[in-house]
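First the structure, in the form of structure tokens, and then the observations on it.
No value in this document is a laboratory result; all are computed from the given coordinates. Values in this document were obtained by computation on a predicted structure and should not be read as measured data. Cβ: placed from backbone, ideal geometry, glycine included. Neighbour counts: every protein chain shown.
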Amino acid sequence: MKVGYVYDPIYLKHDTGQHVENAGRLEAIISHLEQTQLIHQLMLIQPRAASLEELSLVHSEQHISRIQEVARERGGWLDADTVMSSESYQAALYAAGGVIRASEAVMQGEVDSAFALVRPPGHHATATRAMGFCLFNNIAIVAKYVPAKYNLERIAIIDFDVHHGNGTQESFYDNPQVLYISTHESPFYPGTGYIEETGRGEAKGTTLNIPLPAGCGDNEYLSAFKQIIVPAVRRFNPQLILVSAGYDTHWADGLAMMQVSVTGFAQMVKIIKVLADELCSGRLVFTLEGGYNLTALAASVKATFDVLLGNTSIEDPLGKSPRGLTAPSIASLIKKIKEIHNLL
Ligand SMILES: [Zn+2]
């Protein structure tokens with residue numbers, strides 16, 4: 001298995017100060033991949049800057065100019081929780097361009113799968129605004145770029161970040177060529193992602209939300225994956241699978257209230273990999289979204305690479321959740337979602 005990763009020190013220049021989404025996240029990931037020697041099993045894919053034309057596949061001209069302008073003014077806050085520095089615009093261009101490069105490497109067969117280790121993250125950014133630590137919607141840009149360039153008709157996006165990817169959902173709400181599936185804590189930021197949100201017009205059914213109550217752990221996530229995501233992706237039969245990989249679903253993450261373990265992420269990634277092997281010649285591109293406990297983040301990203309490489313032993317230094325939250329019953333929720341999406 002040839003597995004690629006995108007990384008460049010430019011991503012550290014998006015300087016957010018003491019913010020939870022800071023450069024230390026990528027530094028922790030890279031240093032863990034180095035310490036464990038796993039990095040030597042991976043192929044480095046050099047990122048490039050996304051062009052204005054590529055950003056415009058998703059974003060309005062006003063939004064792009066606004067980010068340029070704030071960078072010129074040496075940074076500032078874009079909303080209550082999204083901040084940028086003078087070099088953030090450049091880093092954001094490379095984040096979108098990095099995921100584009102990862103998708104090109106996979107589509108051109110240079111690697112079997114790839115993971116873009118980029119920041120700022122993207123899945124909350126909408127066409128017209130930055131929000132939730134995101135400036136440009138990296139994965140949405142790629143899901144528009146790839147079909148045009150490689151003549152694809154169907155792309156699936158799986159988003160297991162603990163937050164709903166409102167920006168990604170919005171980008172494809174009318175687009176039947178992109179299946180967007182999200183598991184997320186609900187009720188929670190950003191307040192979207194209800195089961196009734198399923199897409200519009202011709203795209204009805206190609207948005208699939210799995211809002212989960214706080215306290216869900218490996219068992220609940222794996223049930224949702226096996227009972228909903230697997231049949232939905234199989235039915236859609238994508239030619240490429242993109243993943244918004246957010247590791248704030250881990251029990252040690254301070255931002256949310258879920259109880260997934262590193263082992264749980266590895267099992268979810270394995271399910272996604274099996275789907276990609278079965279449906280789209282293994283073509284699979286991951287991009288980093290959230291994940292704010294540095295130990296959990298680094299170990300979970302490494303576990304993701306291990307699964308993509310076909311390594312069978314997964315190290316889980318943190319183990320199962322000691323949070324002791326009672327895992328909620330989600331059987332009736334799963335049943336309802338299956339009914340809404342005719343997955344019975
Ligand atoms: Zn998140």
Response to the item:
log10 I(q)/I(0) for the chain, Debye formula on C-alpha points only (no solvent), q = 0.06, 0.10, 0.15 Å⁻¹, two decimals, reads -0.18, -0.51, -1.28
Worksheet item: With point charges of +1 on the Cβ of Lys and Arg and -1 on the Cβ of Asp and Glu, referenced to the Cα centre of the chain, which listed residue (V285, A214, I337) lies farthest in the positive direction of the dipole?
Response: I337
Worksheet item: Suppose every K and R has +1 on its Cβ and every D and E has -1 on its Cβ; what is the size of the dipole of the range 19-127 about the Cα centre, in Debye to the nearest 20?
Response: 120
Discussion item. Placing unit charges on C-beta atoms (Lys and Arg positive, Asp and Glu negative, everything else neutral), compute the dipole magnitude of the chain about its Cα centre in debye, rounded to 20.
Written reply: 580
Worksheet item: Based on the Cα gyration tensor of the range 18-115, what are the three equivalent ellipsoid semi-axes, each the root of five times an eigenvalue, rounded to whole Å and given largest first?
Response: 28, 20, 9
Worksheet item: Of V6, F236, P121, whose Cα points farthest to the positive end of the dipole of the chain (charges on the beta-carbon: +1 Lys, Arg; -1 Asp, Glu; origin at the Cα centre)?
Response: F236
Response to the item:
Under the 7 Å Cα-to-Cβ spin-label approximation, E27 and S56 lie apart by a distance in nanometres of 3.8
Response to the item:
Per the 1/(1 + (r/R0)^6) rule, R0 = 41 Å and r from the Cβ atoms of T295 and E153, FRET efficiency to 0.05 is 0.50
Worksheet item: Any idea what the dipole of the range 1-77 comes to, in debye rounded to 20, about its Cα centre with Lys/Arg Cβ at +1 and Asp/Glu Cβ at -1?
Response: 120
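Would you list D8, D316, D79 from fewest to most Cβ contacts within 10 Å? Numbers along the way, then the final one.
Numbers: D8 20, D316 16, D79 12.
Fewest-to-most ranking of D8, D316, D79: D79, D316, D8.
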Discussion item. Can you tell me which lysines have their Cα less than 27 Å from the Cα of K13? Leave out same-chain residues fewer than eight positions away.
Written reply: K144, K302
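For the range 80-128, rounded, prolate or oblate, judged on the Cα gyration tensor with a ≥ b ≥ c (square roots of eigenvalues), a/c < 1.5 rounded, else prolate if a/b > b/c?
Details: a/c = 2.91, a/b = 2.25, b/c = 1.29.
Judged from the Cα gyration tensor, the range 80-128 comes out prolate (a/c at least 1.5, a/b above b/c).
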Practice prompt. Could you line up T304, T126, T198, T312 from fewest to most neighbouring Cβ atoms inside 10 Å?
Written response: T312, T198, T126, T304
Discussion item. Suppose we keep just the alpha-carbon trace of the range 26-67; what are its Rg and Dmax in angstrom?
Written reply: 16.6, 44
Discussion item. Modelling each spin label as a point 7 Å along the Cα-to-Cβ direction, I'd like the L44/A214 distance in nm, to one decimal.
Written reply: 4.2
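If I take R0 = 22 Å and measure r between the Cβ atoms of R200 and L344 in this structure, what FRET efficiency does the formula 1/(1 + (r/R0)^6) give, to the nearest 0.05? Intermediate results must be reported in sequence, preceding the final value.
Values: r = 23 Å, r/R0 = 1.06.
The computed FRET efficiency comes out at 0.40.
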Worksheet item: What's the extension gain from K13 to W77 if we count 0.36 nm per residue and subtract their Cα-Cα distance?
Response: 21.4 nm
Item to complete: Please compute the net charge surrounding L222, taking Lys and Arg as +1 and Asp and Glu as -1 over other residues with Cβ under 14 Å from its Cβ.
Response: +1
Worksheet item: What is the log10 of I(q)/I(0) for the range 279-326, computed with the Debye formula using one identical point scatterer on each Cα and no solvent, at q = 0.24, 0.30 Å⁻¹?
Response: -1.01, -1.18
Worksheet item: At each listed q (0.13, 0.22 Å⁻¹), what is the log10 of I(q)/I(0) that the Debye formula gives for the range 198-327 modelled as equal alpha-carbon point scatterers?
Response: -0.55, -1.40
